[in-house]
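Reading through the structure tokens given below for one structure.
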Amino acid sequence: MTIIDGKQISASLKEEVAAQVATFPEKYGRVPHLTVIRVGEDPASVVYVRNKAKACEACGIRNTTIVLDESTPEETLLEKIRTLNADDGVDGILVQLPLPAHISEAKVIETIAKEKDVDGFHPLNVAGLWQKTPHLAPCTPSGIMKLLAAAGVDPKGKRAVVIGRSNIVGLPVGKMLLDANATVTFCHTRTINLAEVTREADILVVAAGRAKMVGADMVKDGAVVIDVGMDRDPQTGKLCGDVDFEAVAPKTSAITPVPGGVGPLTIACLMENTVECFLRRHNN
Ligand code: GUN
């Protein structure tokens, strides 16, 4: 059984990005610039946004973090985004989710210029993924595909099961696995006899947002298990995933830990998307 070391894989990807970015001042006269907006003080968002800034620093990417008050009106945020869209010095724009209830996430996502949408959440980038036309790909699904590749797992011909159907993870990762020639089943917390479905999986991706919901009885011997969860164990209060790691790991051929699995890859892919936005703007 292999514990897939997301931190290590992410570190080497970020080194590659840093080496590439180091060549940009001479070629283009500047480095890529990512602007991250956080609205309010959601504790998880505070940590995520800080980690994004740290990753930029490690890669030599310029970062601006804008913190807006919880009570910021929706129109103020949209206007800020429009200003950044028009700013030639900004390559990537990311608004950290979730947002306060009075702000429409859909409106925010639509307002970010698709060319600067480093999250790959804009409807036209989503369409590009599903229609196989050029697009910016969402970071967590891309990160999962990189983890599988790094672990030597080729999805071709395998049976992949995805628990979760969100726009951010479940749906796009299922599409990417399909494009990598896996046979894909989507299921969710309301699936009847969920364990019967998940036990068929050669590759099981869990993005359900429920602490330790996947137990050993739900996993086939030798399966590869990717845990996208970021939860709190209700008993201990400690950070844990959607998979009961202690129980499941011994049955698997490879598994991602939480923390230190998928999370670091999301950020590495964000760095790659920022470079992609920068290069597209300079090469067009
Ligand atoms: N909140 C949790 N994950 C993400 C993400 O990938 N992007 C943004 N913008 N917000 C998030």
Being within 20 Å of G164 (Cβ to Cβ) and in contact with a Leu (Cβ under 7 Å, 6 or more places away or on another chain), is that true of even one residue in the stretch 235-248?
-> no
Condition met for V184 (under 18 Å from the mean Cα position of the chain (by Cα) and β-branched (V, I, T)) | no
Is at least one residue of the stretch 36-44 surrounded by fewer than 14 Cβ atoms within 10 Å (Cβ to Cβ), over 30 Å from A247 (Cα atoms), at pLDDT 95 or above and within 16 Å of the ligand (Cβ to nearest atom)?
-> yes
Looking at V17, is it within 15 Å of the ligand (Cβ to nearest atom), within 19 Å of the chain's Cα centre (by Cα) and assigned to a helix (DSSP H, G or I)?
-> no
Do we find that K146 is away from the ligand (no atom under 13 Å from the Cβ) and touching a His at 6+ places or on another chain (Cβ under 9 Å) in this structure?
-> no
Expected single match for more than 15 Å from the ligand (Cβ to nearest atom) and in contact with a helix residue (DSSP H, G or I) (Cβ under 9 Å, 6 or more places away or on another chain) among K238, K251 is K251
Restricting the stretch 90-113 to residues that are of a type in the set (S, T, N, Q) and crowded, with 16+ Cβ neighbours inside 10 Å, the residue that is nearest to the ligand (Cβ to nearest atom) = Q96
Condition met for C240 (over 22 Å from L171 (Cβ atoms), free of Cβ contacts under 8 Å to residues at least 40 places away in the same chain and crowded, with 18+ Cβ neighbours inside 10 Å) = yes
Return the residue satisfying two criteria in turn: it lies in the stretch 1-51 and is among the hydroxyl-bearing types (S, T, Y) and in contact (Cβ under 8 Å) with a residue 60 or more places away in the chain, and of such residues it is nearest to I203 (Cα to Cα).
-> T2
Going through the stretch 36-61 one residue at a time, which ones are outside any strand (DSSP E or B) and within 16 Å of V108 (Cα to Cα)?
-> G40
Scan the stretch 149-174 for residues that are surrounded by fewer than 20 Cβ atoms within 10 Å (Cβ to Cβ), at negative phi, small (G, A, S) and more than 15 Å from the ligand (Cβ to nearest atom) and jot them down.
-> A149, A150, A151
Is it the case that some residue within the stretch 263-283 is assigned to a loop (DSSP other than H, G, I, E, B) and hydrophobic (A, V, I, L, M, F, W, C)?
-> no
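Table: residues versus (1) in a strand (DSSP E or B); (2) crowded, with 19+ Cβ neighbours inside 10 Å; (3) within 14 Å of the ligand (Cβ to nearest atom).
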site: N63; (1), (2), (3): yes, yes, no
site: E70; (1), (2), (3): no, no, no
site: L78; (1), (2), (3): no, no, no
site: R82; (1), (2), (3): no, no, no
site: D88; (1), (2), (3): no, no, no
site: V126; (1), (2), (3): no, yes, yes
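The values are calculated or read from the model by the stated rules, or taken from the named source; none is laboratory data. Just so we're clear, the structure is a prediction, and the values are computed from it rather than from any experiment. Don't worry about glycine lacking a Cβ; one is built from the backbone with ideal geometry, like all the others, and counts go over all protein chains shown.
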